[in-house]
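Supplied in structure tokens, the structure appears directly below.
The values are calculated or read from the model by the stated rules, or taken from the named source; none is laboratory data. What you see is a predicted model, and the numbers here were worked out from it, not measured in a lab. Methodologically, a virtual Cβ is constructed for each residue, glycine included, from the backbone with ideal geometry; neighbour enumeration extends over all protein chains shown.
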Amino acid sequence: MPSKPGAIVTVLYRRTSDLTFNAAYYLSTHIPLFTEKWTPHGLLGATLCEATADSEFAYTVVTEWKDAEGFSTAMKDEQESKIIMNDVPNFTSGAPIFVVGKILSKNTAEKI
């Protein structure tokens with residue numbers, strides 16, 4: 001049975017008139033890159049979303065983690081973080097905004 005996430009890290013890319021975002025690159029290269037580096041720290045998965053046109057943000061990425069401490073540990077690994085953050089300009093002109101939160105409750109419409 002897969003692990004249930006204990007934390008969500010949302011990465012936001014603010015909508016601006018000059019924002020570029022290459023979703024194909026993000027999906028084919030960036031997600032595999034951070035998945036390789038961060039899975040040992042507790043990354044469980046990632047979802048890329050294109051926000052609706054009326055949103056303040058153009059793209060969001062929702063990552064699920066075993067716990068918030070795992071994300072903190074992953075970010076403190078300077079070598080891995082540098083590799084991942086140096087890849088950002090390859091798919092976007094925007095600066096990522098990270099929002100880290102511990103899951104307090106998760107409701108689902110699915111029957112268990």
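Can you spot a residue in the range 55-63 that is farther than 21 Å from residue 4 by Cα, in contact with a helix residue (DSSP H, G or I) (Cβ under 6 Å, 6 or more places away or on another chain) and either modelled with pLDDT under 95 or assigned to a strand (DSSP E or B) (or both)?
No, the range 55-63 has no match at all.
Quick one: residue 84 ticks every box in (1) aliphatic (A, V, I, L, M); (2) surrounded by 10 or more Cβ atoms within 10 Å (Cβ to Cβ); (3) in a loop (DSSP other than H, G, I, E, B) except a single one, so which number is it?
(3) is the only condition that residue 84 fails.
Residue 68 passes all but one of (1) at pLDDT 95 or above; (2) crowded, with 17+ Cβ neighbours inside 10 Å; (3) hydrophobic (A, V, I, L, M, F, W, C); which number fails?
Condition not satisfied by residue 68: (1).
Same structure again: Based on what the data block shows, is residue 94 touching a His at 6+ places or on another chain (Cβ under 7 Å), small (Gly, Ala, Ser) and either at pLDDT 95 or above or not in a strand (DSSP E or B) (or both)?
Answer is no for this residue.
Can you pull out every residue in the range 1-45 that is among the hydroxyl-bearing types (Ser, Thr, Tyr) and either farther than 17 Å from residue 76 by Cα or touching a Pro at 6+ places or on another chain (Cβ under 9 Å) (or both)?
Of everything in the range 1-45, those that are among the hydroxyl-bearing types (Ser, Thr, Tyr) and either farther than 17 Å from residue 76 by Cα or touching a Pro at 6+ places or on another chain (Cβ under 9 Å) (or both) turn out to be 3, 10, 13, 16, 17, 20, 25, 26, 28, 29.
Hey, can you tell me all the residues within the range 36-64 that are farther than 20 Å from residue 103 by Cβ and free of Cβ contacts under 8 Å to residues at least 12 places away in the same chain?
Residues satisfying the conditions are 36, 40, 52, 53, 54.
Of the conditions (1) touching a residue at least 24 places away in the same chain (Cβ under 8 Å); (2) more than 13 Å from residue 5 (Cβ to Cβ); (3) among the acidic types (Asp, Glu), residue 67 fails just one. Which one is it?
All conditions pass for residue 67, except number (2).
Scan 50, 64, 80, 36 and give me the residue that is more than 14 Å from the chain's Cα centre (by Cα) and not polar (S, T, N, Q).
None of the other options fit; the residue is 80.
Tell me yes or no: at least one residue of the range 28-49 is of a type outside the set (Lys, Arg), exposed (fewer than 12 other Cβ atoms within 10 Å of the Cβ) and not in a helix (DSSP H, G or I).
Among the residues of the range 28-49, at least one is of a type outside the set (Lys, Arg), exposed (fewer than 12 other Cβ atoms within 10 Å of the Cβ) and not in a helix (DSSP H, G or I), which makes the answer yes.
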